[in-house]
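Here's the structure, in structure tokens; my notes come after.
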Amino acid sequence: MAYGVLHEWSVTHRETFWRALIDFCEVRIAGMDAASCIGLDRMAPPSDGVGPRWFVGATLNFAENLLRYRDAQPAIISWNEEGRQQQLTFAELYAEVARVAAGLRAMGVGVGDRVAGFLPNLPETIVAMLATASIGATWSSCSPDFGVQGMFDRFGQIAPKVLICADGYRYASKEIDCLERAREIVERIPQIEHVVVVPYRGGTADLRVIPGARWWQEIGDRNVTEIDFEPLPFDHPLYIMYSSGTTGLPKCMVHGAGGTLVQHLKELVLHTDLTRDDRMFYFTTCGWMMWNWMVSSLAVGATVVLYDGAPLLPRPSILWDVVAEERVSVFGTSAKFLALSEKAEVDPVASHDLSALRAILSTGSPLAAHSYDYAYRHVKADLHLASISGGTDIVSCFALGNPTMPVYRGELQCRGLGMAVEVFDEHAQAAVGVPGELVCTKAFPSMPVAFWNDPDGAKYRAAYFDTYPNVWRHGDWAELTEHDGLVIYGRSDATLNPGGVRIGTAEIYRQVEQLPEVLESVAIGQELPGGEAGDVRIILFVRMREGQVLDDVMRDRIRRQIRENTSPLHVPKKIIAVADIPRTISGKITEIAVRDVVHGRAVKNTDALANPGALELFRDLAELRN
């Protein structure tokens with residue numbers, strides 16, 4: 001059967017397809033015979049009811065499905081910049097989850113409570129998530145490069161009962177403390193009742209900095225050997241994940257256990273051909289959805305390989321060392337990493353034994369055509385190179401790989417099974433061969449079950465369905481090809497994308513405009529000649545208060561303010577003073593218009609601007625030529 005025929009059947013007969021997938025992947029779920037799907041003809045949750053609901057009446061536990069194996073095969077292998085650190089077998093992983101789950105129960109954590117992780121990419125992070133899921137609580141995590149404000153903007157909205165953090169971590173050969181930021185978060189979120197600290201950097205820190213905090217090894221009961229998995233509805237909240245915060249506080253997307261599990265199993269088993277014999281390594285932090293995706297590999301019985309640290313330090317080949325030494329068969333990374341490896345003239349095929357490697361998955365930004373050439377010439381000739389694309393919004397992919405199809409340079413191979421993905425032209429019609437908006441026209445199980453603190457679904461509807469009624473608009477600018485593949489050109493909105501990581505401009509503005517010398521600011525991503533497709537450098541324009549000057553001292557203050565309260569990736573490469581910033585008649589700053597002028601493109605609909613003359617302040621700036 002041709003893939004296109006199978007894909008068409010899977011979106012036409014969605015309930016039948018997903019039931020077949022559940023059977024094929026032997027999902028541990030009860031009540032499927034009597035379960036029903038409701039409202040699959042609609043996508044947006046209506047204000048007077050509910051949106052689509054999958055397999056109502058069925059129950060499962062996400063953690064139980066990931067812990068189905070209890071043998072001596074390695075479940076998790078972890079590395080950092082100092083080399084290999086830990087290994088847990090499936091039996092050891094189960095035992096650790098049992099202990100920590102007992103510890104969470106003893107803290108009073110139960111169904112519906114939130115547990116937050118401010119953690120590096122460690123085995124303990126996976127254990128904490130599985131323990132949380134096993135008892136019916138909801139997991140949410142941020143990577144440790146977030147500043148206090150970035151964390152508070154996220155965790156402050158969901159009011160977790162427990163915060164789990166590390167004492168510190170190592171990045172680019174630097175030791176970085178986490179406890180001081182954790183202390184500030186605990187002070188700002190009164191609902192946090194318990195703090196657990198993972199002794200990642202030696203466990204010599206003074207825990208008294210956070211009153212009542214306990215070390216990781218001190219919680220739970222090691223005599224507990226069985227997990228009492230809580231049976232939960234298919235759409236029970238498993239994860240709370242966050243938007244990039246482009247237009248304000250990050251949106252809190254609640255993902256259901258069943259939808260997340262079956263979507264991940266489909267993508268891992270069918271689109272990646274993952275089996276128990278495989279070792280899956282994805283270079284990610286636990287603040288990116290690819291961490292959640294990678295961890296679901298445990299449900300297949302595959303070994304998960306973790307790396308915590310900088311991707312090119314202490315040596316440019318560090319990730320390839322992991323792939324070779326751990327016999328990784330599926331290696332996931334970003335398009336930016338492959339491009340940097342190419343520029344650094346890393347030649348893994350000559351320097352490493354990659355005989356076990358059969359697939360590379362690339363995401364984060366569009367994979368440039370020359371990166372395909374690099375992978376096949378300098379990594380491995382008989383490789384399945386799959387550029388994949390989806391998002392935190394769906395905790396999965398819209399388009400991804402297919403091990404039974406050819407790979408075309410510069411293209412994502414196919415649309416995901418069960419995903420009614422189309423590209424809409426300017427007339428909102430499905431089109432092939434022309435760029436347009438990436439959309440999904442039918443409901444699918446891994447849609448968020450809700451947004452947090454959005455009782456009538458208004459935020460949810462506004463996020464995806466305002467442009468096309470009852471059609472999910474994802475915000476990617478894409479094109480369907482003659483091969484039925486997909487080319488993604490980048491975001492169709494103002495989200496920044498330095499190094500393949502999505503960053504919301506509002507997160508930058510909230511920090512810059514706390515400085516009294518700055519009246520307002522606008523940030524854009526500048527594409528550089530010869531740069532990677534989709535990659536940009538952040539340019540920040542500031543309007544200074546009268547009498548204030550943007551000098552090097554002020555630039556350093558701005559950068560420090562951003563770095564300390566968000567992350568290093570948010571820090572702009574250039575900061576430039578301007579006398580005015582264009583805005584719409586309704587008073588909103590228009591980033592897209594500024595970006596178009598900087599790149600020499602025509603600005604559409606200047607009639608919508610209150611001060612269109614301000615655009616000339618951004619044209620042909622000498623500071624942006626180098």
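Here, each number is a calculation from the coordinates, and none is a lab measurement. Predicted model only: the values in this text are computed from it and were never measured. Heads up, the Cβs are rebuilt from the backbone with ideal geometry, glycines too, and the neighbour counts pull from every protein chain shown.
The figures follow:
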{"item": "Residue 382-residue 546 FRET efficiency (beta carbon distance; Förster radius 51 Å; 0.05 resolution)", "result": "0.20"}
{"item": "Interatomic Cα distance distribution for the chain, bins of 20 angstrom, percent", "result": "19, 56, 25, 1"}
{"item": "Quotient of Cα Rg and 2.2 N^0.38 Å for region 131-245, N being how many residues it contains", "result": "1.15"}
{"item": "DSSP-loop trypsin sites (Lys or Arg not before Pro) across region 198-230, with at most 14 other Cβ within 10 angstrom", "result": "222"}
{"item": "Tail beyond 19 Å, pair distance distribution of region 353-424 (Cα, percent)", "result": "35 percent"}
{"item": "Kirkwood Rh, Cα atoms: Rg over Rh of region 386-496", "result": "0.97"}
{"item": "Whole-angstrom Cα spans of region 251-320 along principal axes, big to small", "result": "40, 37, 16"}
{"item": "Computed [θ] at 222 nm, deg cm²/dmol, the chain (DSSP H ≥ 4; -39,500 (n - 2.57); rounded to nearest 500)", "result": "-7000 deg cm²/dmol"}
{"item": "Viscosity 0.692 mPa s, temperature 37 °C, Stokes-Einstein D of region 34-166 from Kirkwood C-alpha radius, µm²/s", "result": "192 µm²/s"}
{"item": "Qualifying lysines (Cα of each under 30 Å from Cα of residue 442; at least 8 residues distant if same chain)", "result": "251, 266, 459"}
{"item": "Percentage of interatomic Cα-Cα distances in region 280-396 larger than 20 Å", "result": "37 percent"}
{"item": "Residue order, fewest to most beta carbons within 10 Å, for 574, 251", "result": "574, 251"}
{"item": "Proxy reagent accessibility, fewest Cβ within 10 Å first, across 560, 473", "result": "560, 473"}
